[in-house]
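Structure first, commentary second.
The values are calculated or read from the model by the stated rules, or taken from the named source; none is laboratory data. Just so it is clear, the structure is predicted and the values come from calculations on it, not from any experiment. Virtual Cβ from ideal backbone geometry, glycine too; neighbours counted across all protein chains shown.
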Amino acid sequence: MSPSSYFKTVLFIVVLIVFSGCSGGASGPERLAVSGSVNVDDAPLQFAKIEFHPNTGDLANSPTAFGYIEDGKYEISEITGAVVGPHDVIIRPLQVNNDDDSEEAGEIVLGEYLGVAKVEKNGENVFNFQFKQAEMRPDRNAVEE
């Protein structure tokens, strides 16, 4: 093998080793599983979206965790879970419209409830929420016509 070929081969191997450490790893902050229950007027909330929004001030490194509540229970895995720290929790009760003839087929947001949670690295991270129907406020994402 000529010195030039040897140098190119070694350089190629070094480049492979260096760049192999730059991919395949987890990106962003560590996420943790969260779970719990949601009751409205002491009854399980039937169907809703739940979102955990971090209060870190660093939007780029603070992903929102989201999931669904069914029959008053929710579980969000660590794959899409919440990051460590305090969170604003938004719960949006949903009505499902399965009318194929309607332009509004799909999920209809009925309003939202607001809560808070503190996700801890070594904690259980089970958050149970209790609301009164009167505490539901209009959905802040609703588009007014």
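Data table
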item: Enumeration of residues in region 75-84 that are of a type outside the set (Val, Ile, Thr) and either outside any strand (DSSP E or B) or in contact with a Ser or Thr (Cβ under 6 Å, 6 or more places away or on another chain) (or both); result: 75, 77, 78, 81
item: Of the criteria (1) among the aliphatic types (A, V, I, L, M); (2) in contact with a Ser or Thr (Cβ under 7 Å, 6 or more places away or on another chain); (3) modelled with pLDDT under 95, which one residue 11 fails; result: (2)
item: Subset tally (residues that are within 20 Å of residue 108 (Cα to Cα) and in a loop (DSSP other than H, G, I, E, B)) for region 32-74; result: 4
item: Whichever residue in region 41-89 is polar (S, T, N, Q) and over 15 Å from residue 114 (Cβ atoms) and, among such residues, is surrounded by the fewest Cβ atoms within 10 Å (Cβ to Cβ); result: 61
item: Matching residues, region 41-65, being of a type in the set (A, V, I, L, M, F, W, C) and over 15 Å from residue 125 (Cβ atoms); result: 43, 45, 47, 48, 59, 60
item: Counted residues, region 37-75 - those being under 16 Å from the mean Cα position of the chain (by Cα) and more than 22 Å from residue 139 (Cα to Cα); result: 6
